[in-house]
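Visitor: Shown below is the structure under consideration.
The values are calculated or read from the model by the stated rules, or taken from the named source; none is laboratory data. All figures in this text were calculated on a predicted structure; none of them were measured in a lab. Virtual Cβ from ideal backbone geometry, glycine too; neighbours counted across all protein chains shown. Note: areas computed on protein heavy atoms with side chains; ligands, DNA, RNA excluded. Shrake-Rupley method; radii C 1.70, N 1.55, O 1.52, S 1.80 Å.
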Amino acid sequence: MENEKRGLVLEGGAMRGLWTAGVIDVMMEHDIWPDGLIGVSAGAAFGCNYKSRQVGRAIRYNTKYARDSRYSGLKSWLTSGNYYNAEFGYHTMPKELDVFDDDAFNKNPMAFYVVCTDVLTGSPVYQLLSEATEETYDWIRASASMPLASKVVELQGRKLLDGGVADSIPLEYFESIGYHRNVVILTQPAGYQKEHNKLMALMRLSLRHYPKMIEAMDKRHLMYNRQLQYVAQAEQEGRCLVIRPEDKIPIGHISHDASQMRLVYEQGRRVGEKYLDRIKAFYE
């Protein structure tokens, strides 16, 4: 096991990601440092704080700016095309208001990957982010840009949206690049099965210029449920340790309720503390 790279795989789930933030804050507080992390959507947006070693940052800025129209809301969506304001959330915030520690991010040897979906192909894009730059922030934004709620993000000649559409739980990818001792943090309880998207009519209208993306959205539930099977098999074989909520996380995709955010975050912390010994033993 000493030669096996230790990975951390973070599923998305929009504001359910604050539950994950609680788990990983506990891990950081107890000096648990994997060799690599791969985050999808909210798993990328909040997981970047693991590489910058900033315990508490995700819950801090989300609660502080929960009702700030500069951060998120209908005004931002109507004026910019993004419910979560791209400029404020991914540039003003980390540079001026709740400063992201670029230097710590750069010095931490942990590899940090994000997953996006290429809207032209409907396929996943895996991006290694080793240095904190303005473009790095935009890769994280692209990973977390939910269809309908966000504009397509253009980076390095690609057109990108939410990584969860193409690869929601990238355990198989992480194993393929050498991470064979993976802790997988899910944001749905045991027994969950994703259903077909009920907003597909709106998706088809919004994404009408991207037929491959529409196809990926239409089949996302099938992909996701197959990935759950893959994770379950890996867990049974001892290749991964899965951490999941005990019940449905009590928050929607979007929330402006700071007390609700704190409740979810604290639930994640409690589960993180419960799993601490198992995580340490698994990574040894």
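Visitor: Could you list the trypsin sites (Lys or Arg not before Pro) in region 44-87 that lie in coil according to DSSP, counting only those with at most 13 other Cβ atoms within 10 Å of their Cβ? Provide the component values of the computation, followed by the final result.
Guide: On the way: sites: 51, 53, 57, 60, 64, 67, 70, 75; in loops: 53, 67, 70.
Those that pass, being in a loop and sparsely packed, are 67.
Visitor: Translational diffusion coefficient, Stokes-Einstein: compute it for region 113-197 using the Kirkwood radius over C-alpha pairs as Rh, at 4 °C and 1.567 mPa s, and state it as an integer in µm² s⁻¹.
Guide: So the translational diffusion coefficient is about 93 µm²/s.
Visitor: A further question on this structure: Just reorder 196, 253 by solvent-accessible area, largest first, 1.4 Å probe, all chains present.
Guide: Listed by decreasing accessible area, they come as 253, 196.
Visitor: Moving to a separate point now. Kirkwood hydrodynamic radius, the chain, all distinct C-alpha pairs: what's the number in Å?
Guide: Result for the chain stands at 18.7 Å.
Visitor: Scaled to the compact-protein estimate 2.2 N^0.38 Å, what is the alpha-carbon radius of gyration of region 185-224, rounded to two decimal places?
Guide: On the way: Rg = 12.1 Å, N = 40, 2.2 N^0.38 = 8.9 Å.
So region 185-224 has a normalised radius of gyration of 1.35.
Visitor: Keeping all protein chains in position, work out how much accessible area residue 105 exposes to a 1.4 Å probe, and write it in Å² to the nearest 10.
Guide: Per-residue accessible area (residue 105): approximately 0 Å².
Visitor: Moving on. Which GluC sites (Glu not before Pro) in region 185-266 pass both tests, a DSSP loop state and at most 15 other beta-carbon atoms within 10 Å?
Guide: 195, 237, 246
Visitor: Ordering 50, 192 from largest to smallest accessible area (1.4 angstrom probe), what's the sequence?
Guide: Descending order: 192, 50.
Visitor: Then there's this: How large is the helix-only mean residue ellipticity at 222 nm for the chain, computed as the sum of -39500 (n - 2.57) over DSSP H runs with n ≥ 4, divided by its residue count, in deg cm²/dmol to the nearest 500?
Guide: Numbers: 11 runs with 118 residues, N = 284.
Here the helix-only value at 222 nm equals -12500 deg cm²/dmol.
Visitor: A further question on this structure: Average the reciprocal distances over every distinct pair of alpha-carbons in region 158-213, invert the result, and give the Kirkwood radius in Å.
Guide: 14.2 Å
Visitor: Restricting things to alpha carbons, find the Rg to Rh ratio for region 194-284 using the Kirkwood radius for Rh.
Guide: Rg/Rh: 1.09.
Visitor: Considering the dipole of the chain built from charges on the beta carbon (Lys and Arg +1, Asp and Glu -1) around the Cα centre, which of 115, 256, 128 is farthest to its positive end?
Guide: Value computed over the given set: 256.
Visitor: Still on this structure: Go through 107/274; 95/274; 248/274; 159/248 and tell me which ones have a Cα-Cα distance over 24 Å in this structure.
Guide: 107/274; 95/274; 159/248
Visitor: Could you tell me which GluC sites (Glu not before Pro) in region 79-133 are loop residues by DSSP with no more than 15 other beta carbons within 10 angstrom of their beta carbon?
Guide: 131
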